[in-house]
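Here is the structure we will look at.
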Number of protein chains: 2
Amino acid sequence: MDNDTRASAVIVEPAAGPRRGIGLDEFRLADGFWERMQRSNSRNTLRHCLDWMDRLGWTANFDRVSEGATEDSRPGWQFSDSEIYKLLEALAWEYGRTGEAWVNALLESLVDRVAAAQDGDGYLNTCFGHAGQQPRYSDLASGHELYCTGHLLQAAAARARTVGPDKLVEVARRAADQVCRQFGPDGRAGLCGHPEIELGLAELGRVLHEPRYTEQARLFVERRGYGTLKAIPLLDASYFQDDVPVRAAAVWRGHAVRALYLAAGAADVAADTGDTGLLEAVERQWERTVERRTYLTGGMGSRHQDEGFGEDWELPPDRAYSETCAGIASVMVAWRLYLSTGEVRYADLMERTLYNVVAASPSPDGRSFFYANPLHQRTAAAGIRPDQVNPRAEGGVRAPWFDVSCCPTNLARTLAAWQGYAASVEGDTVTLLQYAAGELRPALDGGGELVLRITTEYPHDGAVRVEVVAAPDREVELRLRIPDWAHGATLADHAGERGVAPGWAHVRGVLVPGAIVDLHLPMEPRLTWPDVRIDAVRGCVAVERGPLVLCAESLDLPVSWSLDTVRIDAAHPPRAEGDGAVAWMTPVETPPNPAGAAGYPPYRSSAAPSREDSASAWRDVPLVPYYRWARRGSSAMRVFLPAAPNGSPATTGR
Amino acid sequence: MDNDTRASAVIVEPAAGPRRGIGLDEFRLADGFWERMQRSNSRNTLRHCLDWMDRLGWTANFDRVSEGATEDSRPGWQFSDSEIYKLLEALAWEYGRTGEAWVNALLESLVDRVAAAQDGDGYLNTCFGHAGQQPRYSDLASGHELYCTGHLLQAAAARARTVGPDKLVEVARRAADQVCRQFGPDGRAGLCGHPEIELGLAELGRVLHEPRYTEQARLFVERRGYGTLKAIPLLDASYFQDDVPVRAAAVWRGHAVRALYLAAGAADVAADTGDTGLLEAVERQWERTVERRTYLTGGMGSRHQDEGFGEDWELPPDRAYSETCAGIASVMVAWRLYLSTGEVRYADLMERTLYNVVAASPSPDGRSFFYANPLHQRTAAAGIRPDQVNPRAEGGVRAPWFDVSCCPTNLARTLAAWQGYAASVEGDTVTLLQYAAGELRPALDGGGELVLRITTEYPHDGAVRVEVVAAPDREVELRLRIPDWAHGATLADHAGERGVAPGWAHVRGVLVPGAIVDLHLPMEPRLTWPDVRIDAVRGCVAVERGPLVLCAESLDLPVSWSLDTVRIDAAHPPRAEGDGAVAWMTPVETPPNPAGAAGYPPYRSSAAPSREDSASAWRDVPLVPYYRWARRGSSAMRVFLPAAPNGSPATTGR
């Protein structure tokens, strides 16, 4: 790879704007939180995904098309091609980052099979348009053809940015051209039931400098919202955001991943076309959604029924859907909004979501995953059969594969490119957005070599040291994100130590070789209270520590306790322990329920609520980082803990 | 109709046991709550249902079969035949109760069309087994063929009990025989994905004294729970109760209507075969479900995703599914358990469910319906198009018809036969179970004429007068149900006035003509607190009055208030007003959410929760009976009201 190609190995590259994310090769991670996840992804997850897709026949679907052997039935859902494309994207980033030959070989062998299935006119889909199958584009609402193509285009953009044009890029170009002919300004005014083609077209258009693709993305964005998609039984048009045009919508609604991919595509179109009205619409939707429809973990999606957003303030912890893919999609949207606006709040939400949704999904070995990420699990799961396809891993056990298995490959592509979100460059200003140990060599717009060595145990420790190894001979600025939760942070540089408030901390006039900048982020556990309008967690408090949301697991309770009845003494501050905390807790007694007694269980009519009796059972209970829950085995779990109304005897007198 | 036939016009008739419900013609309702619902059902709902089914082509499906004109597509879901059968059951009860000729004519004309579609061997279904259709019983998990047949058999049982054997009964007999040949001891060991055939076979077996049908019902009950039904994507075997055998299950789970129809069928089988183990299993499931998985309204089903039960304590008020049909099915189960055990708790739950789920569904004109019955509606609905099929009326507006339209016909058959649940007879003891004005002429086992005139405005008033108009010349006992909520009830009879506790009150030695018994049930509004384990309504209280659950509607709030932020002063007792109450309430301020401020909305880290500031805005707010919500127009609504932690200034000093 030459330097020119590597310099563009960024996750997203708006055609205009002063700000760019760093390329993957600009930040070499050292051992640490994300490096370990990336390593597990590399060593296990990539191969794991391919094995399952081979086993289930999803990869062979391409061979059946190339061999003319299609039938009226076919393994996998209609969108299974997209899983192969997301894996291709993951492999593209992985090879771009590591240069490992086996990754490239795997990618190329898959691309050969995919390419062989492409029709002469560029159409590429293993579920439609061949012998025994429904005609092309005959079911835009549910068929997912354009959705699959979008993922193909994203994979090709990743490939183009990491190694330059190749066979995958050529396949994608022909597919994109076919889409533009079919659905272009003079073609059919259709749109796909699952947004994604918008993203793919915008990204491939950037890489290939092809304005037709950007225009086609814009057309797809603008066509949505007029109720033209055929209804799916028992769902309404908001399910696929066909209820209100993107620029008119106030908030995200319907299927969360659909809503978020659409928003990301709209943000791309807005950036490349200079459409500030469209950008403002997406920002407005983000703001309202984050304010009223987002979990403490950053998770989005309150309903299982449609894998969708609920109404404002509808945020049940137990039935949180908070799909892993929605977390990833939220990171994608926030990243685009950060690039377009430079506002720190987008990077704050990305951190929250990366640590508490994205990182929660995979097991340490990268071979099993959460699909839904609830904040409360009442019953320890009965266990998932380890070698089976599972519905959606709702029971508190990570599963190796799913019936609809969008999350594993989505995680694979996200983790493979993680450092692309860690820093940005604007002129001669380098901004650290996410903290991880490693060596950062950001390509400055003004040229010259800047090398920063970052040392930290973040998120388990709040100390971040930035050491200047090399720097150009001119003024370069370092900007550090002080997270929204980090009240009391301090920064020490050549000018001495000072307090820094959430937002941006600037370091100027110091970036000479040998200079050291020490950031200290406060890592004491803190109590976090929900808005009074979030009914589902009224009277509860959560404990956070740095960027990590903590939780209580039934495994850590005395055997006679139940998570159904624990109370936390919010007047007795949790203290740090290990990488979690301990909190002062008690079980409360539940009213007896004598069979045949008058009074309708589980409701009691009386002038006052039952007094909560806790006897003298107060004790310290460990809280662990949410992302690690259920790793030690099946467990009940709570993020939000009911607060004892009167505290413990020791704190009552305060 | 002769007296013999009328005497058996009961809703359910166990083959054995000392207790029977009264026949429909044994209790003539006078003007009152249920009489008005019954009148609206009679005048509007019956015809309304038929009109919609004609309009949508569901009735014509029978003609297409009889004309040999079936095609591979067909209007309606695969279970639409069952709606015609539920309407037939409603018409059968309606005619049995009223003798109105137009009802009988309507029934007979429908029966002619149904009968014409029956195949030579008795098989009857308009979706399977004919030209262009899938073969018979080729999709037991989802095809609903046996489910439809079950409803046909229930309709025939109602007809046989009200007019005796006729064409409908003959059609049902042939259909039942075909089922027994196909699925009998020597036939295919299959079962239906939706229980119902068990109920139908048991009931028709009773009417026709046909033990083969009872045995076939027993086989279907016993076959379930071994995971033999083909899985439905994204659902597991618990969805149709095929996960655990009926006699081994601890609690109801999965799709609520399926679980409850199965329980009702199992209770029928248990009663007729003397299988106490099976009966105890159903009782145990009832107890655990009522204790942990039932709403204050009596509603069952906490999840939209699978229209199903959630886990223990999972009772979100906003996403309560509480399907109208599940409420009806719960009444059906409780009625069977009451008949088998004589325990008052079953009649208590029936009352709760009848007033707060069943009565909540229809509009006063009987032409629109709730499908789901949530206990909290955050956003007033945008309105439902009055002349359209709607998905499920989740938005707080009753809809005229649904895509899956099981509730309207289910209501029709339930309301048409309501008085069948109102009283029971055991030897010479008559038990009043549900209170309504009218003339009760229970057929005593020992013969002789007993006529009781009941005068009451119940549930809007707690006074119930029972006047003896005629009585046989021997000791007859009257037993009155004192509801579980009725602490402080009094009874006045010849022996004077005395307090009566929840349970049974006995009146003996008084039933001579002219005697008067006055029951007074306390109707002051009362506060009702949820079990501490019901997370979703922590810190909240409901207000009930008599058998009615009350609710606050946004229509009744000052315009500047929002139901999202109201608090009730639980130390300031609500007082009765009209047929509802008024409660002392205030809005609380929500923390400001300045754009760009540090802190992640809507969660705040701090040592203590935000103080809830309420200024001096306390005022009386009306609460109305839940069953009437959204009748005055689209409205937000809450049953459970967050209690102000410190009460209002006026009560703080207490």
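The values are calculated or read from the model by the stated rules, or taken from the named source; none is laboratory data. All values reported here derive from a predicted model rather than from experimental measurement. Quick reminder, even Gly has a Cβ in these numbers, built from the backbone with ideal geometry, and neighbours come from all protein chains shown. Each accessible area value is taken on the protein alone, full model and side chains, heavy atoms only, with ligands, DNA and RNA left out. Shrake-Rupley method; radii C 1.70, N 1.55, O 1.52, S 1.80 Å.
With all protein chains present, calculate the accessible area of A:T455 using a 1.4 Å probe and round the result to the nearest 10 Å².
80
How big is the accessible area of B:V588 in square angstrom, nearest 10, if you roll a 1.4 angstrom probe over the protein chains?
10
Order B:W561, B:W335, most accessible first, counting only protein heavy atoms with a 1.4 angstrom probe.
Output order, biggest surface exposure first: B:W561, B:W335.
So if R0 is 41 Å, what FRET efficiency would A:E343 and B:A382 give, r being the distance between their Cβ atoms, rounded to the nearest 0.05?
Plugging the Cβ-Cβ distance into 1/(1 + (r/R0)^6) gives 0.80.
Residues of B:572-583, mean number of Cβ from any other protein chain within 10 Å of their own Cβ, rounded to a whole number? Don't jump to the answer; show the numbers that get you there.
Working: counts 0, 1, 0, 0, 0, 0, 0, 0, 0, 0, 0, 0.
Rounded to a whole number, the mean comes out at 0.
Using the beta-carbon distance between A:A105 and B:E222 and R0 = 51 Å, what value does 1/(1 + (r/R0)^6) give for FRET efficiency, to the nearest 0.05? It would help to have the intermediate numbers written out before the result.
Working: r = 57 Å, r/R0 = 1.12.
It comes to 0.35.
Amide H neighbours of B:Q377 under 5 Å, counting only residues 5+ apart in sequence or on other chains, H built in-plane at 1.01 Å?
Under 5 Å from the amide H of B:Q377: B:M637, B:R638.
For the range B:225-358, what is Rg from Cα atoms divided by 2.2 N^0.38 Å, rounded to two decimals?
So the range B:225-358 has a normalised radius of gyration of 0.99.
In the range A:184-228, which residues have a backbone nitrogen under 19 Å from the label point lying 7 Å from A:D119's Cα in the Cα-to-Cβ direction?
Those under the cut-off are A:184-193, A:197.
Cut-off 13 Å, label point 7 angstrom out along Cα-to-Cβ of B:W504: give me the residues of the range B:442-479 whose amide nitrogen falls inside.
The answer is B:477-479.
Please work out how much length the chain gains when fully extended from A:S610 to A:A576, using 0.36 nm per residue of separation minus the C-alpha to C-alpha distance, in nm with one decimal.
That pair, A:S610 and A:A576, stretches by 8.9 nm at full extension.
Under 1.5 on a/c is rounded, so check that first for the range B:533-589, then, if it is not, pick prolate when a/b is larger than b/c and oblate when it is not; a ≥ b ≥ c are the square roots of the alpha carbon gyration tensor eigenvalues.
Working: a/c = 1.64, a/b = 1.08, b/c = 1.52.
Oblate.
Going highest first, how would you order A:9-21, A:399-411 by mean Cβ packing within 10 Å? Spell out each step's value before the answer.
Numbers: A:9-21: 19.2, A:399-411: 23.5.
By packing density, highest mean first, the sequence is A:399-411, A:9-21.
With each pseudo-label sitting 7 Å past Cα toward Cβ, what's the B:T590-A:R631 distance in nm, one decimal?
3.6
List residues of the range A:404-441, by number, whose backbone nitrogen lies under 13 Å from a label position 7 Å along Cα→C-beta of A:L555.
none
Which value at 222 nm does chain B reach when only helices count, each DSSP H run of 4 or more adding -39,500 (n - 2.57), with the total divided by all residues and rounded to the nearest 500 deg cm²/dmol?
Rounded to the nearest 500, the figure is -10000 deg cm²/dmol.
Quote to one decimal, in nm, the extra length available between A:R284 and A:D461 on full extension: 0.36 nm per residue of separation minus the C-alpha distance between them.
60.3 nm
Once you sort the root eigenvalues of the Cα gyration tensor of chain B as a ≥ b ≥ c, which label holds: rounded (a/c under 1.5), prolate (a/b larger than b/c) or oblate (the other case)?
Oblate, because a/c is 1.5 or more while a/b does not exceed b/c.
Give me the accessible area of A:S40, 1.4 Å probe, in Å² rounded to the nearest 10.
20
In debye to the nearest 20, how big a dipole does the range B:526-652 give about its Cα centre with +1 on each Lys and Arg Cβ and -1 on each Asp and Glu Cβ?
160
Classify the range B:438-504 from the C-alpha gyration tensor, please: rounded if a/c falls under 1.5, else prolate or oblate depending on whether a/b exceeds b/c.
The shape class here is prolate.
Sort A:Y261, A:Y95 by heavy-atom solvent-accessible area, probe 1.4 angstrom, most to least.
So the residues, ranked largest to smallest area, are A:Y95, A:Y261.
To one decimal in nm, how far is B:A101 from the same spot in the other copies, if labels go 7 Å from Cα toward Cβ? Please give the shortest first.
9.7
Kindly write out, for the range A:72-83 in residue order, the coupling ³J(HN,Hα) from the Karplus curve 6.51 cos²θ - 1.76 cosθ + 1.60 (θ = phi - 60°), rounded to whole Hz, with x marking Gly and Pro.
After applying 6.51 cos²θ - 1.76 cosθ + 1.60, I find 6, 10, 7, x, x, 5, 5, 9, 5, 3, 4, 5 Hz.
Which one, B:V357, B:V111, B:L375, is farthest towards the positive end of the dipole of chain B when Lys and Arg carry +1 and Asp and Glu -1 on their Cβ?
Working it through, the farthest residue towards the positive pole turns out to be B:L375.
Mind checking the dipole of the range B:107-222: about its Cα centre, +1 per Lys or Arg Cβ, -1 per Asp or Glu Cβ, Debye to the nearest 20?
120
Enumerate the lysines that B:K167 could reach by cross-link, defined here as Cα to Cα under 26 Å, with residues fewer than 8 away along the same chain left out.
Hits, sequence-local ones excluded: B:K86.
Quick one: what are the phi-derived ³J(HN,Hα) couplings along the range A:295-308, Karplus 6.51/-1.76/1.60 with θ = phi - 60°, whole Hz, x for glycine and proline?
Each residue of the range A:295-308 in turn: 6, 4, 6, x, x, 10, x, 9, 10, 6, 3, 10, 6, x Hz.
Suppose R0 equals 60 Å; then what is the FRET efficiency for B:R55 and B:D275 from their Cβ-Cβ distance, rounded to the nearest 0.05? Please list the in-between numbers first.
Numbers: r = 45 Å, r/R0 = 0.74.
The formula returns an efficiency of 0.85 here.
Can you give the Kirkwood hydrodynamic radius of the protein assembly as shown from its Cα pairs, in Å with one decimal?
Final number for the Kirkwood radius of the protein assembly as shown is 33.3 Å.
Under the Karplus relation 6.51 cos²θ - 1.76 cosθ + 1.60, θ = phi - 60°, what is the ordered set of whole-Hz ³J(HN,Hα) values for the range B:455-467, x standing for Gly and Pro?
Once θ is set to phi - 60°, the couplings for the range B:455-467 become 10, 6, 9, 3, x, 7, 9, x, 8, 10, 9, 10, 10 Hz.
Let me confirm one metric for peptide B:606-612, namely the mean number of other chain beta-carbon atoms within 10 Å of its residues' beta-carbons.
Per-residue shielding by partner chains comes out at 5.
Starting from the residue with the highest accessible area, list A:D186, B:D493 in decreasing order, probe 1.4 Å.
A:D186, B:D493
Please state the charge dipole magnitude for the protein assembly as shown, taken about the Cα centre, from unit charges on C-beta atoms (+1 on K and R, -1 on D and E), reported in debye and rounded to the nearest 20.
1140
Can you list residues from other chains, or at least 5 along the same chain, whose modelled amide H is less than 5 Å from the amide H of B:Q134?
B:G129
Place the label 7 angstrom along Cα→C-beta at B:D275 and in each other copy, then list the distances from the first to the rest in nm, shortest first.
Distances between equivalent label points, in nm: 6.4.
Using amide H atoms built in the peptide plane, which far-off residues or other-chain residues are under 5 Å from B:R567 H to H?
Under 5 Å from the amide H of B:R567 lie the amide H atoms of B:T586, B:V588, each far enough along the sequence or on another chain.
Measuring from a point 7 Å out along Cα→Cβ, what nm distances, shortest first, does A:P513 have to its partners in the other copies?
12.1
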